[in-house]
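Colleague: This structure is in structure tokens; I'll ask about it shortly.
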Amino acid sequence: MKCDVLTLFPDILTAYLKESILKRAQEKGLLDVKLYNIRDFSSGPHRTVDDAPYGGGAGMVLKPEPIYRAMDFLRKDNENRKVILLSPQGKPFRQSTAETYSKEERRFVFICGRYEGVDERVRDLADEEVSIGDFVLTGGELAALVIIDAVTRLVPGALGDEKSKEDESFSWGLLDYPHYTRPREFRGMKVPDVLVSGDHKEIWLWRRREALKKTLRMRPDLMEKVELTELDKKILSDIKEE
Ligand code: ADE
């Protein structure tokens, strides 16, 4: 994944990008993130980036000029880009969106809004407007990080163990099954016997059953979208009888 991030607070992203999987993905050349401070593209002695809204009302609105200028600057290299505006009004970001983005050849630009919003004309720059959930954040920075993180995990080679991705909750369309590590007994809480049995088929069945149970209890809405196998249907009817 290659991306440029337009933000007023690049340091918010720097800290997260310096650690763990995202750090290693950058070292391996699988992730390339360039941060641009929108303020560097503002004009005038005060380097103003926001202004009061026309029509009145509380709060400030991000001005269009610095963001347009930043885009003009990025476009000088003639690289084809997919521009994403982060905002609570956008299309919901899902695991399926992450999968689509992970196959995208173009470089991304993430425009992080702030304050009460961005001037409506900034929307014309974006190919897509994306939200990470039905809540309002102080700015788009956390949303950009969420997207970069979720997409990078899907880039081949970014995770140490490629299999762990296939086993992840949302790749099954279900919530995750329980995980345990040593010790086998901790403060009276035991690891289920099946996990130490060495019987891989039984372990798989137990995990599938636990994932179905958890999804049914915590996110019944997801159950409507998963493709259930005949075995799943049998497991579910057993669960419901319990
Ligand atoms: N900016 C503020 N809130 C947001 C959200 N929920 N998703 C994406 N960007 C945002």
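The values are calculated or read from the model by the stated rules, or taken from the named source; none is laboratory data. All values reported here derive from a predicted model rather than from experimental measurement. We place every Cβ from the backbone using ideal geometry, glycine too, and count neighbours over all the protein chains shown. Only protein heavy atoms, including side chains, enter the accessible area calculation; ligands, DNA and RNA are left aside. Shrake-Rupley method; radii C 1.70, N 1.55, O 1.52, S 1.80 Å.
Colleague: Looking at Pro156, is it loosely packed, with under 15 Cβ neighbours inside 10 Å and either in the same structural domain as Pro88 (by TED's automatic domain parsing) or within 30 Å of Pro10 (Cα to Cα) (or both)? Don't jump to the end; show me each part of the working.
Modeller: On the way: loosely packed, with under 15 Cβ neighbours inside 10 Å: yes; either in the same structural domain as Pro88 (by TED's automatic domain parsing) or within 30 Å of Pro10 (Cα to Cα) (or both): yes.
Against the criterion (loosely packed, with under 15 Cβ neighbours inside 10 Å and either in the same structural domain as Pro88 (by TED's automatic domain parsing) or within 30 Å of Pro10 (Cα to Cα) (or both)), Pro156 qualifies.
Colleague: Output the residues belonging to region 20-44 that are touching a strand residue (DSSP E or B) at 6+ places or on another chain (Cβ under 8 Å) and of a type in the set (Asp, Glu).
Modeller: Asp32 - this is the single residue of region 20-44 that is touching a strand residue (DSSP E or B) at 6+ places or on another chain (Cβ under 8 Å) and of a type in the set (Asp, Glu).
Residue-by-condition table, conditions (1) assigned to a helix (DSSP H, G or I); (2) surrounded by 11 or more Cβ atoms within 10 Å (Cβ to Cβ); (3) in contact with a Phe, Trp or Tyr (Cβ under 6 Å, 6 or more places away or on another chain); (4) of a type outside the set (Val, Ile, Thr):
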{"site": "Trp206", "(1), (2), (3), (4)": "yes, yes, no, yes"}
{"site": "Arg209", "(1), (2), (3), (4)": "yes, yes, no, yes"}
{"site": "Leu228", "(1), (2), (3), (4)": "no, yes, no, yes"}
{"site": "Leu236", "(1), (2), (3), (4)": "yes, yes, no, yes"}
{"site": "Ile239", "(1), (2), (3), (4)": "yes, yes, no, no"}
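Colleague: When you check Tyr16 against the structure, is it over 24 Å from Phe135 (Cα atoms) and surrounded by 12 or more Cβ atoms within 10 Å (Cβ to Cβ), yes or no? Write out each step before concluding.
Modeller: Numbers: over 24 Å from Phe135 (Cα atoms): no; surrounded by 12 or more Cβ atoms within 10 Å (Cβ to Cβ): yes.
So Tyr16 fails the test.
Colleague: Considering only region 98-111, I want to know if a residue exists there that is near the ligand (Cβ under 9 Å from one of its atoms), assigned to a strand (DSSP E or B) and touching a strand residue (DSSP E or B) at 6+ places or on another chain (Cβ under 9 Å).
Modeller: Looking for residues that are near the ligand (Cβ under 9 Å from one of its atoms), assigned to a strand (DSSP E or B) and touching a strand residue (DSSP E or B) at 6+ places or on another chain (Cβ under 9 Å), one finds none in region 98-111, hence no.
Colleague: Restricted to region 67-102, and to residues that are without any contact (Cβ under 8 Å) to a residue 40 or more places away in the chain and farther than 20 Å from Val33 by Cα, which residue is most open to solvent (accessible area, probe 1.4 Å)?
Modeller: Arg94
Colleague: How about region 206-242: which of its residues are in contact (Cβ under 8 Å) with a residue 40 or more places away in the chain and more than 26 Å from Val196 (Cα to Cα)?
Modeller: Met218, Arg219, Leu222, Lys225, Val226, Glu227
Colleague: Would you call Tyr177 outside any loop (DSSP other than H, G, I, E, B), among the aromatic types (Phe, Trp, Tyr) and either open to solvent by less than 80 Å² (accessible area, probe 1.4 Å) or more than 27 Å from Gly57 (Cβ to Cβ) (or both)?
Modeller: Details: outside any loop (DSSP other than H, G, I, E, B): no; among the aromatic types (Phe, Trp, Tyr): yes; either open to solvent by less than 80 Å² (accessible area, probe 1.4 Å) or more than 27 Å from Gly57 (Cβ to Cβ) (or both): yes.
Here the answer is no, as Tyr177 does not meet what is asked.
Colleague: Suppose we filter Met223, Met189 for residues that are of a type in the set (A, V, I, L, M) and open to solvent by 70 Å² or more (accessible area, probe 1.4 Å); which single one remains?
Modeller: Values: Met223 fails: open to solvent by 70 Å² or more (accessible area, probe 1.4 Å).
Matching residue, one of Met223, Met189: Met189.
Colleague: How many residues does region 19-39 hold that are open to solvent by less than 50 Å² (accessible area, probe 1.4 Å) and either assigned to a helix (DSSP H, G or I) or touching a His at 6+ places or on another chain (Cβ under 6 Å) (or both)?
Modeller: 4
Colleague: Additional query: So, in region 120-150, of the ones that are assigned to a loop (DSSP other than H, G, I, E, B) and either β-branched (Val, Ile, Thr) or within 8 Å of the ligand (Cβ to nearest atom) (or both), which residue ends up most open to solvent (accessible area, probe 1.4 Å)?
Modeller: Taking region 120-150 first, the residues assigned to a loop (DSSP other than H, G, I, E, B) are 126-127, 132-138, 140.
Remaining after also requiring either β-branched (Val, Ile, Thr) or within 8 Å of the ligand (Cβ to nearest atom) (or both): 132-138, 140.
Details: Ile132: 47, Gly133: 19, Asp134: 158, Phe135: 102, Val136: 124, Leu137: 65, Thr138: 104, Gly140: 6 Å².
Filtering region 120-150 for residues that are assigned to a loop (DSSP other than H, G, I, E, B) and either β-branched (Val, Ile, Thr) or within 8 Å of the ligand (Cβ to nearest atom) (or both), the one most open to solvent (accessible area, probe 1.4 Å) comes out as Asp134.
Colleague: Hey, another quick one. Quick one: in region 52-66, which of the residues that are open to solvent by 80 Å² or more (accessible area, probe 1.4 Å) and at pLDDT 95 or above is nearest to Val109 (Cα to Cα)?
Modeller: Pass one, region 52-66, residues open to solvent by 80 Å² or more (accessible area, probe 1.4 Å): 54-55, 58, 65.
Filter once more, so that each one left must be at pLDDT 95 or above: 54-55, 65.
Numbers: Tyr54: 28, Gly55: 30, Glu65: 17 Å.
Filtering region 52-66 for residues that are open to solvent by 80 Å² or more (accessible area, probe 1.4 Å) and at pLDDT 95 or above, the one nearest to Val109 (Cα to Cα) comes out as Glu65.
Colleague: Here's a follow-up. Looking at Lys18 and the list (1) at pLDDT 95 or above; (2) in contact with a Lys or Arg (Cβ under 9 Å, 6 or more places away or on another chain), which single condition is not satisfied?
Modeller: (2)
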